[in-house]
Each structure stands twice: as structure tokens, then as C-alpha cells.
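Step one of this worksheet: look at the structure below.
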Amino acid sequence: MTRPLFCLALVALLGCGRTTLVTVGDPPPDTADAGEPTPVRDAGTPPAPATCGDGKLDPGEECDWGGGNAPGAGCELDCKFSCSKNPDSCAQGDVCQGTSVCTPVDGPGGGAGQKCVSGGPLAACSACGQGRICVAGACAASVCGDGCLDVARGEQCDDGNTTNLDGCDSTCHLEQEQRAISLQIQYGTDGVCTANVIGASIGTGLQAAVQAGIDGMVNDGTVTLAYEFLGLADPTGAGTQSLQIGWLGGTPYAAPSGLQYQGNSDLDWWYTTDPADIDGQRDPLAILAATLDSGQLRAGPGTLRVALAASVAEIDFSSVRLSAHLGGATAPTASQGDTPGHLPSEHVDPALLAIASTSEGELCGDAIARSMSRLLLPPSISQAYCAEKYTEANSVLDLFVRGCTQYGVIPVLKATQPDRENPNKPPAGAGGPYRLSWTSNGIVDQCADKTGAGVDLYQCLDAAAFSTFFKLATDRVIMK
């Protein structure tokens, strides 16, 4: 039997040629014949490796700007961002000087990146975190005197210092001072001011001249009768408050170009405070206890010093009492760099309102004889009205004690004796009421106590006083 036929006969049982009997569980047979290649299965083309710098964002890359990749540019040469956030890898530094922050940036073609960017210095008084602010380029806690208004801490202003009498006081509260724009001498008494021998002594023929003289000194600033509210809880004066007032004198600042000073209308005008009225901390020396109740101010008793032309001459008062009705509260005037008003550097709270004026005021006090003896007579009074031939050597005390007549018969100023005692000085002899007298030159040089016994003149002049009564109105001013 030939080979092909033999294979056909046995193919069903044994297979033939390259046919191999396979038993279940046997490994696949090696079908390769010696000298023939092994067939390879086609699995597709493998991916090309990622290339940083080709401008394409590939897996594993944070960025790829191609030729724009550079150190610190936002995308590094290794296709990583130049900085990271959370936490920020940039050097922080002082936020007030300009903190460096990891910031998103766009690269060529709009590709995203991140790089360190300085925010630049923050403005003074800017918040810099944790309740602090930028002061002199550094992040610090807010305090009075740092020049940054902090209303949350109760500041009404902050001018960058803790000096008093410069518009904003040492506790960063607006300084409120009132100055008399009208001072009217009274010639009688009332239920509040029950004694007034000075006013009662002035005859009708002299009253107009006396008042005109006072008006002139108030209007031109020769006389500044002012007081400061101390410890004012509500700057508008509302409600019931216990506080103090401190007396101040001074001289007005010169009017800037385009303005004219008017002492009878001087809202928020600047005044140079008389140094004789304040201590080393620039607090008033003469202080009166006071109350505010339903818009009514009451203060005293206490002392008062009224200076003429900044201490060239002065009159001292004891047992002083003040009452006045508060006017409305207004926003403090904003200065344009000169008087009147508060300077921008004071950083006054723009929402603040302050007492603008007072009216219907009454001022009672007892003029100390010693201070009257130091105040020389104005020639306009002594020469124009008095037949008594007063000279420039005579004082206001001489005038009131001796009196003044026209033609020797018409009374102009009735001779008057002190009716009060100064409680701040020891009594002379047995005490008052005292009686003063003069020699032929018209100068008071003798004193007797209530028993008629002669006492030391200077001790008597310190202890003796003359009751007075004025009505007044005031404006808010700025003492400096």
C-alpha cells in the first residue's frame, strides 16, 4: 500500500503527517520543525515615551510650556510647577512689606502654571491677620497712638501720638472744648447766681462801655474763656453723665488766606493753649466736677483763671459755678490743612458727632481781690468817666473800692467792698467780710477784718473776693 493511501486509512485513529495525538491535560506540543521560523502574534504599536518640553501636557507632567519652561517662570524644566500651595512653598516674609505667595499664572498658549509672586507692601493700617494691622511697615497689634483708627477698640480718633490738646487726646478720644463767644456781664441776681456786687456797682452810664469792652476782647480773641469736657462718655452729651470740665485760656491762630477770625463765631477754630493753665501732661489745672442731664450742664464749685492776651493780665475767681444748655451735636469740621477743623492725620471717626455749642449759660464766681489789684485800669475808663483822677498806677481794685463819679457828683461806679471769702486761702485776722481802704493816691493799701481790726494787706487780698455774674454762650473749638 502506498504511503498516502495508508494515511487515509488510519487518519481517523492515529492521524498522519504533522497530525499529533493530543491527550487532555498534556501541554501543547512544540509544532515548530527544525529550520522553520516561529510565528509572532501582532500586539499593536507601543506608545512613544513622554517628552518634557514638547509643549504638550502628558501624563505625569504638571505643566509643559515647551520652550517657555524655565526656573521660576511658573513651569520648570522638569515640567513641574515652580511652587506649590497648601502649604505655600514660597518664602512668606512680612505681609506688610509684601508677602511672596504661590500664584497661578498662564504660560504660552494658555497653559497653567504656578510661581512665587510678591503682593507688594500693604497700605498703612491695613489688616494683616489675627486682628493685627500694618504699622510702620510691620504687622502689629492695634494700640492708641499708632495712627490707625480702631473704632472696635473704642477709638474716636488716632493722630499717631498720645499727646493731649492736639485735637485727639492721649486715650484716642476726640477733645471737646467750648469757648465763650458771648460773655454778658449781669447787673442783678437770679435764683442760681444770688450775689453780684461787681455788677450792682456799675452805673447805667458805664454799663454800655463795660459791655462793649468785653465784647471787643471776646471778638478779637484777647479774652479766651474756654473749658474742656473730661471723661465725656457720650460725645453728643446725651443721657445722664458724670464728668469734669477743665478751664483753659489761649490765643487764636492767625486766619489763613481767604478767612477772617471772628471770636463770636469760631466753630472748630484753633487756639494756642495758655501754658499757665495746664500741667506737664497738658491736662487742665483748674478742674470742676460736672454733670450732664437731659442736655443741661452743671459744674462747680471750683476755681477759674481768666487771662487777657495770654497772661499779660488775669483775674482769678473762686467758688465758680457754671450751667449751660447743650446745643445739637454735629460732625467735627474737616480741616484743609489749617484752622478751622481737624486734620486728616487725626483720623477722626467719620461717623462721630460732637457737641457743637451751648446757650443760656450762667457763670457765677468771686473775683479775688489780689488779682484785681494786679489788673491796671484802662485809660479809656479812668480818663473818660472818672473825676477821681485815677492814673496808670491805679488798678481795677482801686476803681471798685473807691468808686467813680462824673463831675464829682454823678455816680458812674458805686464804691464797693468785697462780700465773699476765698475758701482756698486762710482767713486774714478774724475773717471777712473785709473792708479795704486807700491813701491819698487812691491805691488800696489797708484792710480790716470783720471786727474792724487791721490785718496784713496781702493776706487780706488773697482771702477777700467780690461776687460776679455773667451769662454766656459757647462754640466748640480746638485747643492746641
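Of note:
- Within straight-line cross-link reach of residue 80, aspartates and glutamates at Cα separation under 20 Å, skipping those fewer than 8 residues along the same chain: 54, 58, 61, 62, 64, 88, 106
- Gyration tensor over alpha-carbon atoms, the range 334-477, equivalent ellipsoid semi-axes in Å: 41, 21, 14
- Packing, taken as the mean count of other beta carbons within 10 Å per residue, orders the peptides 87-100, 282-295, 157-170 from highest to lowest as 157-170, 282-295, 87-100.
- Approximate spin-label separation residue 57-residue 414, in nm, with each point projected 7 Å along Cα-to-Cβ: 10.3 nm
- Counted charge near residue 304, where neighbours are those whose Cβ lies closer than 11 Å (Asp, Glu -1; Lys, Arg +1): -2
- For the range 399-441, chymotrypsin sites (Phe, Trp or Tyr not before Pro) are listed when DSSP marks them as loop and at most 12 other Cβ atoms sit within 10 Å of their Cβ; the list is 407.
- For the chain, a crude dipole built from +1 on the beta carbon of Lys and Arg and -1 on the beta carbon of Asp and Glu, taken about the Cα centre, is about 1120 debye to the nearest 20.
- Computed extension length for residue 105-residue 151: 12.7 nm, one decimal, from 0.36 nm per residue of separation with the Cα-Cα distance subtracted.
- With Cα atoms, 0 to 90° folded angle of helix 204-219 axis to the chain main axis: 20 degrees
- Within the shell defined by Cβ-Cβ distances under 14 Å, the residues around residue 393 carry a net charge of -1, with Lys and Arg each +1 and Asp and Glu each -1.
- Extension gain for residue 438-residue 255 works out to 61.4 nm (0.36 nm per residue, less the C-alpha to C-alpha distance).
- The range 253-339 shape via C-alpha gyration tensor axes, a/c threshold 1.5: oblate
- For a straight C-alpha distance cut-off of 24 angstrom, the lysines reachable from residue 414 (same-chain residues fewer than eight places away being disregarded) are 389, 450, 471.
- Value of relative contact order over the chain, rounded to a whole percent, pairs C-alpha under 8 Å and six or more apart: 13 percent
- Dimensionless Rg over Rh [the range 61-136; C-alpha; Kirkwood]: 1.12
- Mean-position separation - Cα centroids, the range 253-311 and the range 192-237, in angstrom: 12 Å
- Taking a point 7 Å from the Cα of residue 325 along the Cα-to-Cβ direction, the residues of the range 286-309 with backbone N closer than 17 Å to it are 292-299.
- 13 Å beta-carbon shell around residue 357, net charge (K/R +1, D/E -1): -3
- Computed over the range 300-396, Kirkwood Rh from alpha-carbon pairs, angstrom: 17.4 Å
- Chain lengthening between residue 187 and residue 289 when straightened (0.36 nm per residue, less Cα-Cα): 34.0 nm
- Radius of gyration over Kirkwood radius for the range 176-480, both on Cα atoms: the Rg/Rh ratio is 1.00.
No value in this document is a laboratory result; all are computed from the given coordinates. Source: prediction; values computed, not measured. Positions of Cβ are backbone-derived with ideal geometry, glycine not excepted, and every protein chain shown enters the neighbour counts.
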